[in-house]
Amino acid sequence: MTLSNESSEVRNEPARPDLSGKWSHVDACLNEWLVPADPVMTEVLANNARAALPPIDVAPNQGKLLHLLAKIQGARSILEIGTLGGYSTIWLARALPEDGKIVTLEYDPHHAETARQNLSQAGVSHLVDVRVGEALGSLEQLYAEGAGPFDLIFIDADKPNNPEYFKWALKLSRPGSLIIGDNVIRDGEVANPHSEDPRVQGVRTFLELIAAEPRVTATALQTVGSKGYDGFVLALVTA
């Protein structure tokens with residue numbers, strides 16, 4: 001399939017209006033209806049801001065989606081690649097049974113310490129193993145320990161390494177495991193093969209690997225909302 005990279009100006013089409021305000025308003029409505037206000041999660045985001053973490057946490061309705069996917073999956077063991085301040089970690093941990101476990105990997109020690117404080121405040125720290133260091137090394141260590149297979153794997157870290165994260169996710173999964181990759185649309189730049197952004201190229205290779213992998217069946221969805229224009233990929237391990 002050939003993807004056109006022509007701009008609307010080149011095609012003599014009118015420029016599209018900026019809908020980001022409407023997207024954020026609709027997200028607010030959806031959250032008000034379907035994601036009840038949670039003082040703990042509100043404080044977690046405030047803690048992240050006070051700690052000067054980048055404001056790139058998943059939106060509340062996206063966090064609820066992760067929670068529901070983990071519940072639907074009946075997940076007892078989860079691997080998260082990319083912790084940041086632990087906001088998504090808490091959503092996932094709350095889906096686990098009391099004897100469940102989530103291993104979350106974070107490169108930045110300051111981010112990891114903030115996450116540990118947030119996890120404790122949310123009352124889920126007993127379910128979470130926060131590992132600090134370069135994720136590829138942590139994944140190799142997990143594999144050497146015989147960790148897994150994990151029921152759900154959430155990939156939300158540095159995008160240039162997404163292809164390698166996917167390879168490790170396969171090693172640490174089983175038939176029936178669900179692999180989720182976030183931020184795969186990149187404001188539509190994923191369709192641009194000439195992008196010089198290593199994050200875009202990492203995502204493109206990630207999706208190409210998933211498409212070519214016979215052991216998974218997958219789809220990807222575009223999303224719009226308070227976090228802008230992006231999307232995620234879902235891959236079910238079948239063999």
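The values are calculated or read from the model by the stated rules, or taken from the named source; none is laboratory data. The structure presented is a predicted model; accordingly, all values stated were derived computationally and were not measured. In this analysis, Cβ positions are derived from the backbone assuming ideal geometry, glycine residues included, and neighbour counts consider all displayed protein chains. Note: areas computed on protein heavy atoms with side chains; ligands, DNA, RNA excluded. Shrake-Rupley method; radii C 1.70, N 1.55, O 1.52, S 1.80 Å.
Take every DSSP beta bridge whose two residues both sit in the chain, then give the antiparallel share in percent to the nearest 5. Walk me through the numbers before you get to the answer.
Details: 15 of 33 bridges.
Bridges in the chain that DSSP calls antiparallel: roughly 45 percent.
Hey, got a sec? Which GluC sites (Glu not before Pro) in region 134-239 land in a DSSP loop and have at most 14 other Cβ atoms within 10 Å?
E134, E196
Can you pull the Kirkwood radius for region 73-155, inverse mean 1/r over Cα pairs, to one decimal in Å?
One decimal place: 12.5 Å for the Kirkwood radius.
How much accessible area does S120 have with a 1.4 Å probe, in Å² rounded to the nearest 10?
Counting only protein heavy atoms, the figure is 70 Å².
Please list 3J(HN,Hα) in residue order for region 90-97, calculated via the Karplus relation 6.51 cos²θ - 1.76 cosθ + 1.60 where θ = phi - 60°; whole Hz, with x for glycine and proline.
Values per residue, Gly and Pro as x: 5, 4, 6, 4, 5, 8, 7, x Hz.
Between K22 and L45, what FRET efficiency comes out of the Förster formula 1/(1 + (r/R0)^6) with R0 = 25 Å and r the beta carbon distance, rounded to 0.05?
After rounding to 0.05, the efficiency reads 0.65.
Relative contact order for region 74-207: what percent, with Cα pairs under 8 Å and sequence separation of 6 or more?
Relative contact order comes out at 24 percent.
Using only DSSP helix segments of four residues or longer, with each worth -39500 (n - 2.57), what per-residue ellipticity at 222 nm results for the chain after dividing by its residue count and rounding to 500? Walk me through the numbers on the way to the answer.
Numbers: 8 runs with 98 residues, N = 239.
Result for the chain: -13000 deg cm²/dmol, rounded to the nearest 500.
Between Q121 and E164, what length comes free when the chain is fully extended (0.36 nm per residue of separation minus the Cα-Cα distance, one decimal in nm)?
Working: separation 43, 0.36 × 43 = 15.48 nm, distance 3.28 nm.
Net length gain for the segment: 12.2 nm.
Could you pull the Rg and Dmax for region 127-239, using just the Cα atoms, both in Å?
Rg and Dmax of region 127-239, Cα atoms, are 14.2, 43 Å.
Taking the Cβ of Y107 as the center, what net charge do the other residues with Cβ under 9 Å away carry, scoring Lys and Arg +1 and Asp and Glu -1?
-4
Give me the percent of accessible area attributable to carbon and sulfur for the chain, probe 1.4 angstrom. All intermediate terms of the calculation are to be shown ahead of the outcome.
Values: 6840 of 12230 Å².
Heavy-atom surface of the chain belonging to carbon and sulfur, 1.4 Å probe: 56 percent.
Set the Förster distance to 30 Å, then compute FRET efficiency between A212 and A37 from the Cβ-Cβ distance, nearest 0.05.
E(calc), rounded to 0.05, equals 0.10.
For the chain, what log10 I(q)/I(0) values come out of the Debye formula at q = 0.08, 0.11 1/Å, with one point per alpha carbon and no solvent?
Debye output, listed in q order: -0.31, -0.58.
Can you give me the solvent accessible area of L221 with a 1.4 Å probe, rounded to the nearest 10 Å²?
The value for L221 is about 90 Å².
Given 10 °C and 1.306 mPa s, how large is the Stokes-Einstein diffusion coefficient of region 24-106 in µm²/s, with Rh as the Kirkwood radius over Cα pairs?
Roughly 118 µm²/s, to the nearest whole number.
Considering only protein heavy atoms, what per residue accessible area in square angstrom results for the chain with a 1.4 angstrom probe? Spell out each step's value before the answer.
Details: 12230 Å² over 239 residues.
Computed with neighbouring chains in place, this is 51 Å² per residue.
Could you let me know the centre-to-centre spacing of region 67-97 and region 207-239, using Cα atoms, in angstrom?
Centre-to-centre distance over Cα atoms comes out at 18 Å.
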